[in-house]
Each structure stands twice: as structure tokens, then as C-alpha cells.
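These notes concern the structure reproduced below.
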4 protein chains.
Amino acid sequence: MNLPPTVFNPPFRITRASHVVITARDLAARRQFYGEVIGLILTAQDNDTLYFRAVEEACHHSLVIKKGTRPACAYIGMRVMTEDDLDRAKSFFESESCAAQWAEMPFQSRTLHLTDAAGVPLELCASMPVMPRMITAFTAHKGGCAQRLDHYQIVTPKVREACELYMAAGFRLTEYISPFGTSDLLGVFLQRKGNPHDIVFFNGAGPRPHHFAYLAPETHHLMHACDIAGELGFGAQVERGPGRHGLGHAMYVYFRDPDGHRVELFNTHYQIMDIENEPVGWDPSDPKISYPWGMPAQRSWFEQTTDFIGAPAVELARKPNPMTLETYLARKATE
Amino acid sequence: MNLPPTVFNPPFRITRASHVVITARDLAARRQFYGEVIGLILTAQDNDTLYFRAVEEACHHSLVIKKGTRPACAYIGMRVMTEDDLDRAKSFFESESCAAQWAEMPFQSRTLHLTDAAGVPLELCASMPVMPRMITAFTAHKGGCAQRLDHYQIVTPKVREACELYMAAGFRLTEYISPFGTSDLLGVFLQRKGNPHDIVFFNGAGPRPHHFAYLAPETHHLMHACDIAGELGFGAQVERGPGRHGLGHAMYVYFRDPDGHRVELFNTHYQIMDIENEPVGWDPSDPKISYPWGMPAQRSWFEQTTDFIGAPAVELARKPNPMTLETYLARKATE
Amino acid sequence: MNLPPTVFNPPFRITRASHVVITARDLAARRQFYGEVIGLILTAQDNDTLYFRAVEEACHHSLVIKKGTRPACAYIGMRVMTEDDLDRAKSFFESESCAAQWAEMPFQSRTLHLTDAAGVPLELCASMPVMPRMITAFTAHKGGCAQRLDHYQIVTPKVREACELYMAAGFRLTEYISPFGTSDLLGVFLQRKGNPHDIVFFNGAGPRPHHFAYLAPETHHLMHACDIAGELGFGAQVERGPGRHGLGHAMYVYFRDPDGHRVELFNTHYQIMDIENEPVGWDPSDPKISYPWGMPAQRSWFEQTTDFIGAPAVELARKPNPMTLETYLARKATE
Amino acid sequence: MNLPPTVFNPPFRITRASHVVITARDLAARRQFYGEVIGLILTAQDNDTLYFRAVEEACHHSLVIKKGTRPACAYIGMRVMTEDDLDRAKSFFESESCAAQWAEMPFQSRTLHLTDAAGVPLELCASMPVMPRMITAFTAHKGGCAQRLDHYQIVTPKVREACELYMAAGFRLTEYISPFGTSDLLGVFLQRKGNPHDIVFFNGAGPRPHHFAYLAPETHHLMHACDIAGELGFGAQVERGPGRHGLGHAMYVYFRDPDGHRVELFNTHYQIMDIENEPVGWDPSDPKISYPWGMPAQRSWFEQTTDFIGAPAVELARKPNPMTLETYLARKATE
């Protein structure tokens, strides 16, 4: 398998997936969904924007929701270690032919706006105002009790290009999907913070955001988030799970917020930091990839997403044909 | 709503759902499934039979699996309080025109074989040999860590007849399904032991056993049972869930064993003993009945069951038309 | 061992431990403790009284807190099946030389006030107004998420007398403590509802209420109740645990409310209904009785209690000498 | 407060706490303790040594137990990123007057032996043989289901000296204990991997190992480890907890293995990576430091430890006087 090389001494230091900026049609309604079901803490709000952080986060925000007429994702954010890293990041991305310009964003230090090799709008910064960690403010814990933002998943026809760019920037590849005997990369898990992923790219029409994911503390929090969703009228927003992933091994549940943004709560990731840990490859025909038990995800999970603002999605020449719940049930009916 | 009357001074005392007798084609394979995935303790075995009890049970068995060429259910069992109750039970059922005869069954005191108003083969006894409770034998706990047998669900066209017979025998109706404004009984939850059900009857071609259910201690045990199932090659046996019931409110997961017998693990039932607790009715069109969140059960959950030995199933004049996962997804595709 | 006989056909039917009536000096403060830490639902209140029920309870109250100048327990309550059972109960207790008179209590049907063989003030009734079960009102779940009242523990020099009276009234003895080779009864677990206990009597100066106990759904709820207690300034009220019982096998944590009333949250009890289940005896010198792991309870747990109103405690001729945490640590220091 | 400076561009890269090497008198007995109670996986063994890794670890070992006549700790281990980092580490430590020499250790790449500023014997390496992660080998999960080694705690009179050395080596200080208004450092939490600590130094006679800690997945695993300990005869080895930490906020339980080595299982740590996260200081008189609820640790937890081989402990001029369980109970008795 021809994989891009791991860069152990990267030109600058991204430290972690940091925050996501999305639009919503109804801020009051989204405040309820993310506050009560997902369990985020509202840090700040104004007429046009909600700023949420997760229960253990000391940063100002990991989810920014802006009022908009059409649901979309404006940016996904990464943290760099220092201001110096930010300057070096600009040079690096420009040398990789990625657009990069400075921006002023509220509640963030000097911010760099980028477009990555897949066309994803990225923003990088080194710091945010410090907020109290709510990890022991137990009376404020609600729903899924989201602990911290963990990763994003992006759909794109340019999985290999994205993989190459991010690995050149110091990301490590932990797991990937590739038909055995080929060099096709259909999915890549890339990380900086020492667990399976900060960002994931999957093959499909894009660039499009597939989901963003928060860590939840325990199994029962996944179920509790679903129960709260049901109680508050969001029962149909539980799109997949609770279940168990093949790749990455996490326990998961996926929600669609009422604008269609997909958010995952998951648990039980592993730590991966050591030099000897080579990327683990999976064949897409391995049934354990998508559902070690139970049934596959419904078609909407594979096909429905929002857009990135200003990044028109490109269709794939050969459309992916994953095993969906619909296909699974149709086959079962004929057995 | 015209419901049968509650009998607070019944002619004899059934105390609880007690045990189920099923057949399987491969005892060694079933030993693995019920031992490792469901977490039952093997009490005894011979060439033709496995006797299992659950983790906290001091009775000899709650699940008997007999070698057979065709998967079926031979009996569902109930306990009565004393030998006197058994004699009075015989008189009662005979007066209700139900066949009743004495039988000798291994590891059970004097046993009464009955056929109930729905044609279900029942066996009643007052005692079994005492076995050690394994509730604190933590090293022997496996998979779903099934604590105790709780209830059965039966499919039958004779829901009202069954409800009348069991209520006359002292069962209390806790919840039922009936189209509002009618007297049709489409589902009845009947209990003796003070929680929502020992036996449930649902409308459909029958009599057929739909499932038997063991209580599991905590949310994570449901997920762990699924994970063990996946690891041991039983991943496709997870038929429904984990999820949340509408009626009865329990958290659940359903497995089909490799012979097609359906077993439920569930948690968080309520206690119901007081005279003022009237039966709670649900309208079948209430979407919260079958899935407070997520998606409905796949068609197999509604339609596939095994048989009772010697009790040919009668088709319904008007076949039930529940909201299945297949229908749900088809409708969603056209929205 | 000379145990009182089990009465399988009792003269009347008590069904379960039902409610407790205590006094408190500060109702607003107790509302916070029982609402936020224990997780009870406030059903009703007036200037002098708080009525709480637990999360799954459909009865009006299981905890009544009345304003008083001195913390004490007024009554422990039991439910009977029907009004007829209440009349038969009066006859039974009078024939046992126990004072019995009718009383009118708010939110209870006709109530019988009794003094049992240990001097405990008891109240029996057949019904209460029905309230909604909050079992799926997940947004209202707090702290330990107490599900239902389960049992009381009483300290008395008259353990055998109490055991005889309650067994004559149809209670079954599930576990007991007795020095092997003697007929001394130092502790008895008595039940009507089919789990290890509705009422427990332990040897000591009394009659005094030791604790009342609510079932909690899962392990994490016990820890969460402690965490909430710590956050709200009740950290010192966690008197014992979380830990594991020897007798009864439950996982537990004990709180003292700020008036000194002791309340237990516990989980994982077993069901016990069958005629063949003989009482299980324990020798008090068995170290597994009080702490299968960790350390014994502090002295206050053994010695400090509130009083029953109007029931002066009688000292024991020979004071119990249990292994306390203080003794355990002193012995360990000299090893 | 006068704290050592954070070094964001350290001379070499330690990535994480990696492994600990201890001695035991009875390897077969320790195999049971660490395998069944803590839940480690045995990677390899020979006549003199056991090599364990935790459930999700892909490295060869995180716990090495060598047969010895006296229980002691031989080394605590850290990982560096690359072989280059190892060379730079040697130069760094030598420039800091710390002894450093190369060593050959089984199942580790080139290893550097160091003595740190507190006299602690350290070993650094860049890689180990890769083993299968057992994170989804659910049938192999036991007891506390230890996921991965997380940190060490060391007792030493040289807290400040250790803090200065480790911060110069790139460790970040996350939390510390210092009497407000002084510059005394009584406890420091130092980390490289982005959570509260890889190594902790507390004031006391030393250098001595206080404990090593494994992450456990959920609350119930802490309780299950205790229950298994009780069942297997290790009940007295549960020295403290389950409970909740003040500093670091984790849920914990501490075991002493039968040789006296102390091992912690804990859960719910936070992530800390951002430049704006200043060290958080605590005053030692704050009662929330050691027990947000319940009671303080018994004296043995503060005072009993094993030794480092070849590193004689130096007594403190002024012995620490923490609030112990013994003192707490004595004070309570006089109230």
C-alpha cells in the first residue's frame, strides 16, 4: 500500500480539532437541542450567534452557531500550539498552494483562514479566552454530557490529496480504508492529539461536512441523550445507533440537529502516540467495518449532509455504493 | 373501555413467570450463545438437555433447551406459591375449559400441564431444587449478565380471551393497547409479581412465542451483550436495539438465537402493586408506543417467531399492519 | 436454628414498604437535599409539610417531611392490598396485643396506626391519590435518581419479638444474623414484596430508625448522588460508601441528611418469592457480612440514629460491639 | 506565585508515561491480582518476569513485574517520540547534572537510564514491539478493565527541583498545591500527553513511588474491580475509594497489591493542550482538595509506599501533616 510518509518533525504544530462554525435557522431551538440533548454549556450569545463549549472544555467555544437562512458549515477549526506555529502554518499552506489569509474572529486570537486540498474552509488559531471547566459542576450536566470536541468527518472525492496535505502538516494516519491489493484510499483517519482522529476524510461528493463528534463519558450518557431527545420531541433526530464502530472501535450515536447538521456522541477511544504504531488498513468489503453487530446505517447517514459555505460540492465519477440499511433489509427480504 | 375485572382475591396464587422450555438443533452452540452473550449460568446438562439459570436465580432453571430437529417452544412456565395452589389451579383451569393434567418433569416439583385460552402450553409448579445465587460470583458474570427471567410475550388472535382468563386467575393488567373509542384489545401486559408484566399477549397469527425476557442490571450490560455477540460471530443476531420502549418504558435489546428464538435483555422496569393503579391504555397510532426515539423495529421482529409444539397457529382475519422499519424507510425516501 | 415459622397464608396482605414520615427543622433546605441529591420528586407542599415521591412511583408520597423542632421519625408506612386487608390487619394486631387505631392522614385512604412488638409506630393504608410516574420524564431526573422506596432498617433490643410478629403477619425471612450454634437473632431481613427486605431489624438500643432506603437504577447514580452532594455543600453527609453489602449483596451509599436522618441509595437486589427459598443465616463473626472489600462503617453508622416520636429507646443489657472503622484503623496501627 | 516557566519548544519530546517496573515476591499471585482485579492482559512471561499491557495498549508492556525478595520499584518509564529525541534527552539530562546511561532492556528499543532531580530512576525509550490492541476483545476484559497506563505519583522532599527539571524538559504544569501567599510547592501535576498528568510529585520523605495509575472506562468498572477483589480474597487491598478527587477531578479507587505496591484505577480526566491554560493552584487547607465528599484517605495512603531500588529515601525536615481518616474520626469523636 502506497501511503504518504509520516512526518515526525512537522513544520508547525497543530494540536487538536478545536471548534466548528455552523449556521442555523432558529437559534432558540438550537440552544435547546445542543444544551439539553447533547449537553453543551452556553458560553455566550448575542442576537446572531450562540457560543457553546463542552463540559470539560476551558476554551471559549467548540461550537459556534450563527443565524442563517440556509444550514451550512462555515469553518472547521484547529488549534496550533503558539503564535509562531500560526505564522509557520501560513507559510506551509501557501507553499502547498492553499489559500490562506488572516482574519479577526470574536473570542479567538489571531486567526488564519485556509482552504485545504479538499476545498474545506479551515480556521486556525492559537488561543481563546479561558472559561471555567464545568467538569465538576455536576448540576449543570445534561443529556449526553458532551465532554469535549474530538473530531470532524468530511466527505470529499479528494481523500488522497487531503491525506497527503494533512500528513505533510504532521498529522498521523491511524486507520484507513482501501480495497486490498489497490492503492485507493476510500477513508482516512488523521490525528494530532494522540487518539484515533482529529479529522476523517471519506470518499464521496464533496467537500461536505459529514459530522462533528463530541466525546461522552460513559455508555449510559449515549442512551440518556437519546431519551432526552425523545422526551423533548427530537426522537426522529436519532439517526443511527447507539452502536459500535468497526474502525476506531468507539461506541456511538448519531443525531441530526433540526437543520440537518450531524453530531456524534461517542465513547471509548484509544490513545495512539508511539512511533511504532503503523496505520491500520481495512478492506471495504469487511462487514466488520461498518457494523460489528446489528444493522448498517440508513442511507441518509451515507448520503445526506450540509454544505461548506463557498465550497461547491463536486460529484464523484463513480458514486460510492455502501451497504445501507435499505439495501440490507431488501436483501434480507429475498433470502 | 370494557376491560375484564381485576380479581384481588384470586382462587390460587401464581407468583411469577418462571421458566421456558425450547428446542434447539445444536446444544453446544446454544450453550455458547446463552452462556457468553446472554450471560446465563449452566446449572446442569445431559445429552439432550441444557438447564440454565440467571445470575441471581436460586431456582434450578429458568431456561431449558432440549435437543430437537426443529426449533420450537415446548412450554412456558409459571410458579405457584404452594402445592395447594397447584391443586386449586387445576380446578380453576378445568372450570375454564382448559386442558390440565399432572406431569413429572426433571428438577421440578409436581407439575401441572395446561393449555390456556390462547392455546399456549403452560406448565405450573411450586418448587425446584435450590441452587446457589451467583449474584456476587462476579468472576462468573458474562455478556449481558442476565439477572432473572422476567416475562414472556405471546402472539395470538385471542388477546381478549387470554386477558380474561389470566385476569380471572389473578393477573393484573398494567398496560394495554386499544384504538381509542373501541373495545379492541391489541396488546395486554399482565402481571403477578408486581412489575409491568409476567406475560404479554399481542394480536397476530398464533399462538406463537414472540420472546422471553431477562432483566439485565445496567445500560452498559445491554451494550456489552451486543459487543460480545459481535465478537463471537453472533452480530447478525442483534435484531433490534439497544433502544427504549414506549409501553413499559424499559431499555431493551432483542437477540435472535441461531435457531430463531427471540430473547430480550431489558432494564429499568417499574414496580406496580397498589390497588389504585388502574391499567394504562395506549392508542396504537401513538408513535411513542413503539419508538420514543430512533426508528421502528424491522419487519422480522413483528412477523418472525417460532411455534409452540402441538399448537398450530391460526391466521388473523385482518393481518396487523404495524409501522415497520421497512415501511418507515420507504416513506422517508418519498418525503 | 429456632426460627419463627413462615406463614404462607397470612391473615391479611401487606404488600410493601410504602412511606416514611420524618420531621426536619428547615423544610426549604431539606427540599434541596432530597430533591437534588437523592433525586426525589416534590408532589406537594404546604407551610408545614413536604410530600416527595420517587421517580417511578405513581403513589402520592413515599417521604413526608414535617416541620419540627427536633428531628425524629413519626411513622413508617406499609401498604395493604385492599380495605378488607386493613380491617383484618386491625384484628390481627389487636390479637397480638399491639395498639391499633384508625387515623385520618392527608393524601392517604383510611389509615391504621399501630405500635409493633418493638414499639415502632407504624401506619397502614390501602391507597393514595395517583400521581404521574416520572420514570420517562428524564429531564426531571436528578442526583441519585431514586426510583422507589424499598425498605426500612430499625434498631431494637427486641429483634426476635419483631421477627415473630412480622412473620405471623406474613412477612418472609430472607436473611438473618445469628452466632452459629445459638438461637440469638441479631439481625433479620423481612419481606413481603419479593425482594430481600421491606423491613430489617438489628440488635441495639431502641426502637430507633436506622435508615430508609431507595432503589437507584445504576452504579453511576450512586456516584452521581455523592458528586452532587459535594457540589451543593453536602459532602460531609456521605457517611458510608459507595460500597458493597455482604447481606443482601446490594451496592450502597449512605447519606445523613442535615437533621441526621439516614437514607440509603442502593442497587442490584435479588428477587425472592419461591417456597423453597429458606432463610439464609450469617455468623456475625464472618468478615464478609459488613464489608466484602474496603473498610467497615464508621462508628456513627452503627450508633447514631434519630428517635421514633413517642417511643423512648431502651438500652441493651449487653451493648453490641461491631467492628467499626475506628476499631479497624486502631488495630491496623498496631499490626 | 513563582512557578518555573513553561517551555513550549522543548529540547526533546517525551510523549507520555509509558511503563513501570516493579518487583514482587510471588509472580503467580501477582498474575492473578493484575489480571483479574485490575484487568491487565499478560503479554509475555518467563521464570522471572511478567509483562502486562492494558486493554487498549498496542505496546508490549506497561507493567513489568520481576521476581524479587523485597517489593520495590526499579524504574518508571517514559516514551520519547523518536530515536533522535532519545539522544537529545541524554544531552539534556547530562547538562542538568542527572546521571544518564544507555541500557539494553528486553522488548524495548534502545533505552536510556536516568536519575532525575528527585533521585527517581527513570527509563526512556522510543519504541516497543507492537501487540494487538484488545479493546474490542471483549471476552478478554476483566475486573477494572484497565485501558491504558496514565501516570505516576512520586513522594519526594524535592518537589520544586523536580518541577523545574520536568518543566525544562517540556512538561506542562496543570495543577499544583501551594499555601496561598507562599512559594512552597507541595504538589505538582506535570504532563506531556495533554491530560492532567503523566507524573505527579508530592511533598514527603523520598524519593518513593506513591502509585501508578491506569485509566478505567466507566464508573461501574471501578466498582467491579472492587467486587472482583472481594471475591478473590483481595478485599483488604481496597485502600481508598471509590471516590472523587479534588485536584484533577477524577473518580478513583486505590488498591495495594499484596506486595504493597499501590495502583489507582480512575476515570473522567480532562484534556489540556492549549497555550492559554495556566497552571491551577490549590491551597492545601482547602478541604475540597482531598475529599469533595465523604472522608479523607486513611494514614497508610499518605505514609506507606515502597522504595525505588538504589534510591534511599530522605526524610523531610518538617513532616507533612495531612488530614487523615484517623485524624478526621478522632476530631469527629470529640465534637
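The values are calculated or read from the model by the stated rules, or taken from the named source; none is laboratory data. Fair warning: this is a prediction, and the values are worked out from it, not measured in the lab. Cβ sites come from the backbone with ideal geometry, for glycine too, and all protein chains shown count toward neighbours. Side chains are part of the model used for accessible areas, which takes the heavy atoms of the whole protein and leaves out ligands, DNA and RNA. Shrake-Rupley method; radii C 1.70, N 1.55, O 1.52, S 1.80 Å.
An ellipsoid equivalent to the range B:226-335, defined through the eigenvalues of its Cα gyration tensor, has semi-axes of 24, 21, 19 Å when rounded to whole angstrom and sorted largest first.
Placing +1 on the Cβ of every Lys and Arg and -1 on the Cβ of every Asp and Glu, with no other charges, gives the range A:96-169 a dipole of roughly 380 debye about its Cα centre. Report ³J(HN,Hα) in whole Hz for each residue of the range A:46-53, in order, from the Karplus equation J = 6.51 cos²θ - 1.76 cosθ + 1.60 where θ = phi - 60°; Gly and Pro get x. Residue by residue, the range A:46-53 yields 9, 4, 10, 9, 10, 10, 10, 10 Hz.
Per residue, the protein assembly as shown exposes an accessible area of 34 Å² to a 1.4 Å probe, with every protein chain left in place. Nearest-to-axis residue in chain A, judged by Cβ distance to the rotation axis that brings A onto D and given in whole Å, is A:E218, 2. Note on the protein assembly as shown: with charges restricted to the Cβ of Lys and Arg (+1) and Asp and Glu (-1), its dipole about the Cα centre is near 0 debye. Relative to the compact-globule estimate of 2.2 N^0.38 Å, the Cα radius of gyration of the protein assembly as shown comes out at 0.94.
Count, for each residue of A:138-145, the Cβ atoms from other chains sitting within 10 Å of its Cβ, then give me the mean as a whole number. Kindly include the intermediate steps, with their values, before the conclusion.
Details: counts 14, 7, 1, 3, 2, 2, 0, 0.
For this peptide, the per-residue mean of nearby foreign Cβ atoms is 4.
Computed on protein heavy atoms with a 1.4 Å probe, what is the summed buried accessible area for the chain pair A and D, in Å² to the nearest 100? Kindly include the intermediate steps, with their values, before the conclusion.
Working: alone 14430 and 14440 Å², together 25530 Å².
The buried area between A and D, both sides summed, comes to about 3300 Å².
Computed over chain B, the per-residue total of -39500 (n - 2.57) for DSSP H runs of n ≥ 4 gives a 222 nm mean residue ellipticity of -5000 deg cm²/dmol, rounded to 500. What's the center-to-center distance, using Cα atoms, between the range C:89-107 and the range C:278-323 in Å? Centre-to-centre (Cα) distance: 29 Å.
Rounded to the nearest percent, how much of the accessible area of the range B:207-254 (1.4 Å probe, protein heavy atoms only) is carbon and sulfur?
Numbers: 420 of 840 Å².
On the range B:207-254, the fraction of accessible area on carbon and sulfur atoms equals 49 percent.
Expressed to the nearest 5 percent, the antiparallel share of DSSP beta bridges inside the protein assembly as shown is 70 percent.
Highest first, please rank the peptides C:204-215, A:23-34 by the mean number of other Cβ atoms sitting within 10 Å of their residues. It would help to have the intermediate numbers written out before the result.
On the way: C:204-215: 23.8, A:23-34: 18.4.
Final packing ranking: C:204-215, A:23-34.
Near A:T43, the amide H atoms lying under 5 Å from its own belong to A:Y51, A:F52, A:R53; only residues 5 or more places off or on other chains count, and H is placed 1.01 Å from N.
Of all DSSP beta bridges located in chain B, what percent are antiparallel, nearest 5? Write down the numbers at each step before the final one.
Working: 52 of 75 bridges.
Here the share of antiparallel DSSP bridges comes out near 70 percent.
Here the calculated FRET efficiency for A:S91 and D:S95, from their Cβ-Cβ distance with R0 = 35 Å, stands at 0.65, rounded to the nearest 0.05.
Please list, short to long, the whole-number percent of alpha-carbon pairs of chain A in consecutive 10 angstrom bins beginning at zero. Taking every Cα pair in chain A, the percentages come to 6, 26, 37, 24, 6, 1, 0. Each part reduced to its alpha carbon centroid, the range A:198-243 and the range A:1-63 end up 14 Å apart.
Ranked from shortest, the separations from the 7 Å Cα-to-Cβ label point of D:N321 to its equivalents in the other copies are 3.4, 8.0, 8.3 nm.
Using Cα springs under 10 Å in a Gaussian network model of chain B, which residue among B:T268, B:T69, B:T305 shows the largest mean-square fluctuation? Of B:T268, B:T69, B:T305, the Gaussian network model singles out B:T69 as fluctuating most.
Return the average number of partner chain Cβ atoms within 10 angstrom of each residue Cβ along peptide B:53-66. Walk me through the numbers before you get to the answer.
Working: counts 0, 1, 2, 6, 3, 8, 4, 1, 0, 0, 0, 0, 0, 0.
Neighbouring Cβ atoms belonging to other protein chains average 2 per residue here.
Size descriptors for the range D:275-335: radius of gyration and Dmax over Cα atoms are 15.7, 48 Å.
For A:E278 and A:Q32, a Förster radius of 51 Å and the Cβ-Cβ distance give a FRET efficiency of 0.70, rounded to the nearest 0.05. Annotation: the antiparallel percentage among DSSP beta bridges lying fully within the range B:54-203 is about 65.
A simple rule links phi to the HN-Hα coupling: the Karplus curve 6.51 cos²θ - 1.76 cosθ + 1.60 with θ = phi - 60°, which for the range B:11-18 gives x, 7, 10, 6, 9, 5, 5, 10 Hz, with x for Gly and Pro. Amide H contacts of A:L186: A:I177, A:S178, each under 5 Å away and 5 or more positions distant or on a separate chain (H built 1.01 Å from N in the peptide plane; Pro and chain starts excluded). Under a 5 Å amide H cut-off, with hydrogens placed 1.01 Å from N, D:A74 pairs with D:V21, D:I22, D:T23, D:I309 among residues at least 5 apart or on other chains. Once the Cβ-Cβ distance of C:E83 and C:N47 is raised to the sixth power relative to R0 = 30 Å, the FRET efficiency obtained is 0.45.
Considering only the other residues whose Cβ falls under 13 Å of the Cβ of A:T49, what net charge follows from Lys and Arg at +1 and Asp and Glu at -1?
Computed value for this residue: +2.
Each residue of the range C:303-310 was assigned a 3J(HN,Hα) from its phi angle through the Karplus curve 6.51 cos²θ - 1.76 cosθ + 1.60 (θ = phi - 60°); the sequence is 10, 9, 8, 8, 10, 8, 4, x Hz, with glycine and proline shown as x.
Counting only other chain Cβ atoms within 10 Å of each residue's Cβ, the peptide D:287-298 averages 5.
Determine the shape class of the range C:67-191: with a ≥ b ≥ c the square roots of the Cα gyration tensor eigenvalues, call it rounded for a/c under 1.5, and otherwise prolate if a/b is greater than b/c, oblate otherwise. Oblate shape, in that a/c is at least 1.5 and b/c is the bigger or equal ratio.
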